[in-house]
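Remarks on the structure that follows.
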Amino acid sequence: MLVAAYLLGSIPFSYLVARGYGVSDVRKVGSGNVGATNVMRSAGKTAGVLAFLLDASKGAVAALVAQRVAPGPVLPALAATTAVLGHMYPVWLGFHGGKGVATGCGAFLPLVPKASLAGFVVFALVAALSRYVSLGSVAGTIALAVAAFAYGTPPVAWSATAIGAVVIAKHRGNLQRILSGSERHLGSKS
C-alpha cells in the first residue's frame with residue numbers, strides 16, 4: 001500500500017499540466033519548482049489551478065484508499081505521508097519534485113477535514129495579506145499540523161507535523177528571499 005501511495009504521489013501532474021499548456025519543462029522556468037505556483041506563473045492561472053487540483057487529488061486518493069484497506073488511523077496517516085514524499089521526491093523526475101503543499105492539502109483533507117480547513121484559511125489569509133504564496137504555504141502548513149492535534153488522531157497529527165517540517169524546510173529559500181526582499185509576490189510572473 002505504501003509503495004502504491006508513493007508512486008501515486010510521484011506522478012508529476014504539475015510537470016504534465018505545464019507541458020500541456022506549452023511549457024516544455026517547468027523545472028527550467030520561474031522558480032524551477034514542480035508545483036502549482038510555478039505552473040501558474042509560467043503557464044497561466046487555469047494551468048495552475050488544474051495542477052493544484054490534480055496534485056491535491058493524488059494525495060486524497062492515497063489517503064482514501066488506505067482508509068478502505070485499513071480503517072484505523074495508522075495506514076492512512078502513513079499513506080498520506082508517503083504520497084506527499086512521492087510528490088517531493090518523484091521517481092519519474094529524478095527525485096526532484098515540488099514542495100508538497102497541494103498534495104499535502106489533499107492527503108490530509110479526508111483524514112482531518114477541520115484541521116485541513118484551518119490550514120487552508122490560514123494559508124489564504126496570510127497569502128492575501130502578505131502577497132507571498134510561500135509565506136501562506138508555511139503558515140497554513142503549521143496551522144494544519146497544530147489543528148491536527150486538536151481534531152485528529154495522534155498518528156495523523158504526527159504525520160501532519162512530520163510532513164509540515166519537510167514542507168517548511170523546502171521553503172527555506174523562499175523565507176530567506178522574503179527577508180531579503182527578493183521573493184516574488186502573489187500575481188507576479190516568472
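Condition (residue is under 15 Å from the mean Cα position of the chain (by Cα), crowded, with 21+ Cβ neighbours inside 10 Å and either closer than 25 Å to residue 82 by Cβ or basic (Lys, Arg) (or both)) applied to the range 20-32: is it met by at least one residue? No: zero hits. Among residues that are assigned to a helix (DSSP H, G or I), in contact with a helix residue (DSSP H, G or I) (Cβ under 9 Å, 6 or more places away or on another chain) and in contact (Cβ under 8 Å) with a residue 40 or more places away in the chain, residue 97 is not included.
Determine, yes or no, whether residue 6 is out of contact with any His (no Cβ under 9 Å at 6 or more places or on another chain) and open to solvent by 20 Å² or more (accessible area, probe 1.4 Å). Criteria met by residue 6. Can you tell me how many residues within the range 147-174 are open to solvent by 50 Å² or more (accessible area, probe 1.4 Å) and in contact with a helix residue (DSSP H, G or I) (Cβ under 8 Å, 6 or more places away or on another chain)? Count: 8. For residue 72, the criteria (1) in a helix (DSSP H, G or I); (2) in contact with a Pro (Cβ under 9 Å, 6 or more places away or on another chain) hold in every case but one, which is (1). For residue 46, the criteria (1) of a type outside the set (A, V, I, L, M); (2) open to solvent by 70 Å² or more (accessible area, probe 1.4 Å); (3) touching a residue at least 40 places away in the same chain (Cβ under 8 Å) hold in every case but one, which is (3). In this entry, residue 10 is excluded by the filter for residues that are farther than 23 Å from residue 184 by Cα and under 11 Å from the mean Cα position of the chain (by Cα). Of the residues making up the range 101-138, those that are of a type outside the set (Val, Ile, Thr), surrounded by fewer than 24 Cβ atoms within 10 Å (Cβ to Cβ) and more than 21 Å from residue 39 (Cα to Cα) are 109, 110, 113, 114, 117, 118, 125, 129. The criterion of at least 2 residues that are touching a His at 6+ places or on another chain (Cβ under 7 Å) and touching a residue at least 12 places away in the same chain (Cβ under 8 Å) is met by the following helices (runs of 4 or more DSSP H) wholly inside the range 112-190: 133-151.
State which residue is surrounded by the fewest Cβ atoms within 10 Å (Cβ to Cβ) when the search covers only the range 61-94 and only residues that are farther than 19 Å from residue 154 by Cα and at pLDDT below 95. Among those residues, the one meeting the criterion is 94. Could you tell me whether any residue of the range 49-61 is of a type outside the set (Phe, Trp, Tyr) and touching a Pro at 6+ places or on another chain (Cβ under 7 Å)? The answer is yes, given that some residue of the range 49-61 is of a type outside the set (Phe, Trp, Tyr) and touching a Pro at 6+ places or on another chain (Cβ under 7 Å).
Per-residue answers, yes or no, for (1) assigned to a helix (DSSP H, G or I); (2) touching a Leu at 6+ places or on another chain (Cβ under 6 Å); (3) not small (Gly, Ala, Ser):
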position	(1), (2), (3)
8	yes, no, yes
11	no, no, yes
31	no, no, no
37	yes, no, yes
41	yes, no, yes
51	yes, no, no
64	yes, no, yes
86	yes, no, no
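The values are calculated or read from the model by the stated rules, or taken from the named source; none is laboratory data. All values derive from a computational prediction rather than experimental measurement. Note: ideal-geometry Cβ built from the backbone for every residue, glycine included; neighbour counts use all protein chains shown. Areas reflect the complete protein model, heavy atoms only, side chains present, ligands, DNA and RNA absent. Shrake-Rupley method; radii C 1.70, N 1.55, O 1.52, S 1.80 Å.
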